[in-house]
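Asker: Have a look at this one.
Coordinate-derived values only; no laboratory data. Owing to the predicted nature of the structure, the values given are computational and were not obtained by experimental measurement. Cβ placement follows ideal geometry from the backbone for every residue including glycine, while neighbour counts extend to all protein chains displayed.
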Amino acid sequence: MLSFFRAISLLEGLSYVAILSVTFDVLSRDYVASLGMLHGVLFMLYLAVSLAVSGKEQWSQKVWLPILAASLVPLAFIPVELYLKKYAARKAAQTDAGLANAT
């Protein structure tokens, strides 16, 4: 579930950057409808999956709220991805250590 959330986070952040690219005339305005729809779906998916992951991983509000707020700030998906990458590595190391101690 965490890897799925990381993928959604990355896609949602990139879609936000794409919408801003239209705003700054980097991309044509012809893409507004399709980018807007894609971003809206990814944003709603981000919110739902972040809530599901926070429950499964037992994150406190101090962890979940900044991750939720990052969906509102352009380019904030980068530090979120770095945090989630470290979190996943730490969790994998704890699982490996637990398996080693069990044998």
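Asker: Rounded to the nearest 0.05, what FRET efficiency do LYS56 and ILE78 give with R0 = 30 Å and r taken as the Cβ-Cβ distance? Could you check?
Answerer: 0.80
Asker: Using a/c under 1.5 as the rounded threshold, could you call the range 1-46 rounded, prolate or oblate? The axes a ≥ b ≥ c are square roots of the C-alpha gyration tensor eigenvalues, and prolate needs a/b larger than b/c, oblate otherwise.
Answerer: prolate
Asker: Counting Lys +1, Arg +1, Asp -1, Glu -1, what net charge surrounds LEU2 among other residues with beta carbon under 15 Å of its beta carbon?
Answerer: Working: positive: ARG6, LYS56, LYS85, LYS86, ARG90, LYS91; negative: GLU57, GLU81.
My count for the surroundings of LEU2 gives +4.
Asker: Got the relative contact order for the chain handy, in percent, Cα pairs under 8 Å and 6 or more residues apart?
Answerer: This gives 34 percent for the chain.
Asker: Roughly what angle does helix 32-56 make with the longest principal axis of the chain, taking Cα atoms, 0 to 90 degrees, to the nearest 10?
Answerer: Orientation of helix 32-56: about 20 degrees from the principal axis.
Asker: Nearest 10 degrees, 0 to 90: what angle lies between the long axis of helix 77-102 and the longest principal axis of the chain (Cα atoms)?
Answerer: Helix 77-102 and the main axis of the chain meet at about 20 degrees.
Asker: Right, here's the next one. Specify, per residue and in Å³, the volume enclosed by the convex hull of the alpha carbon atoms belonging to the range 2-102.
Answerer: Enclosed volume per residue, from the Cα hull, is 91 Å³.
Asker: Counting only helical runs of four or more DSSP H residues, what would the 222 nm mean residue ellipticity of the chain come to if each run contributes -39,500 (n - 2.57) and the total is spread over all its residues?
Answerer: -28000 deg cm²/dmol
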